[in-house]
1. Test of understanding: among THR115, THR96, which residue is open to solvent by less than 70 Å² (accessible area, probe 1.4 Å) and either β-branched (Val, Ile, Thr) or within 14 Å of GLY70 (Cα to Cα) (or both)?
2. Out of the residues in the range 180-212 that are in contact with a strand residue (DSSP E or B) (Cβ under 7 Å, 6 or more places away or on another chain) and hydrophobic (A, V, I, L, M, F, W, C), which is least open to solvent (accessible area, probe 1.4 Å)?
3. Step by step: first the residues of the range 25-54, then only those that are among the charged types (D, E, K, R) and modelled with pLDDT of 95 or more, then the one that is farthest from ASN79 (Cα to Cα). Which residue is that?
4. Return yes when GLU21 is open to solvent by 40 Å² or more (accessible area, probe 1.4 Å) and part of a helix (DSSP H, G or I) and no when it is not.
Amino acid sequence: MDGNGRWARRRSLPRTAGHTEGEENLAAIVRVAVKREIGWLTVFGFSTENWVRPRAEVRHIVGLHKKLFGRVAELNELNVRVQWIGRPFDSPEARTPRYVQKAILKAIADTADNTGMVLTVAFDYGSRAEIIHAAEATVAAGMSPVTAAGLDAHMYLPELPAVDVVVRTSGERRISNFMLWQSAGSPVYFTEQTWPDFGEKELDAAIAVARS
């Protein structure tokens, strides 16, 4: 969900305003995705690299994620089940604050019985870290040699299906450190729209790429 800062800068607003708008747009896109009967939607909320951003900006983004995971009533109304991927909370490298951990676990529990779209939020997530985690877990389980199937089984959330399409907003023409293992061979939809401006038209275009 790239381009929140650029969206704000073009309007002479602080970067935090762009992140707030981006969080609101995610809620709107979730509603549209449910209408389109999308089964799985996975979003890159906060990466393992994002902690180096200015402290005030990080604090604001983390607070927005607590708010996102707190939208349980709305998610239940939409029959959306919440999941999360990121560095395990008990990992020495994990940096997810306790209050966000609690919000994540509560959202997962409170939406566990929903049977509609699965919304997976990647927070404190990096694909390289996930692959290393899977490799170490595979070896620790005594699986030798290490195989693709073994790594699949030890990803953060093994139930995630292969990626149908990767969406990259804000005019970026590169792949980020996001679900590299799961998206191998997947098409990529690039759009000039910043994330806060990403709407139904762009989502439909991405769906078309996935189905082509």
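1. Sole residue among the options that is open to solvent by less than 70 Å² (accessible area, probe 1.4 Å) and either β-branched (Val, Ile, Thr) or within 14 Å of GLY70 (Cα to Cα) (or both): THR96.
2. This residue is ALA206.
3. ARG36
4. On the way: open to solvent by 40 Å² or more (accessible area, probe 1.4 Å): yes; part of a helix (DSSP H, G or I): yes.
Yes; evaluated as a whole, the condition is true for this residue.
A quick yes/no check of all residues on (1) in contact with a helix residue (DSSP H, G or I) (Cβ under 6 Å, 6 or more places away or on another chain); (2) basic (Lys, Arg); (3) in contact (Cβ under 8 Å) with a residue 60 or more places away in the chain; (4) within 22 Å of ASP124 (Cβ to Cβ):
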position	(1), (2), (3), (4)
ARG9	no, yes, no, no
SER47	no, no, yes, yes
LEU64	yes, no, no, yes
GLU77	no, no, no, no
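The values are calculated or read from the model by the stated rules, or taken from the named source; none is laboratory data. All of these numbers come straight from a predicted model, not from anything done at the bench. Note that each Cβ is placed from the backbone with ideal geometry, even for glycine, and that neighbours are counted across all protein chains shown. What goes into the accessible areas is simple: the full protein's heavy atoms, side chains included, and nothing from ligands, DNA or RNA. Shrake-Rupley method; radii C 1.70, N 1.55, O 1.52, S 1.80 Å.
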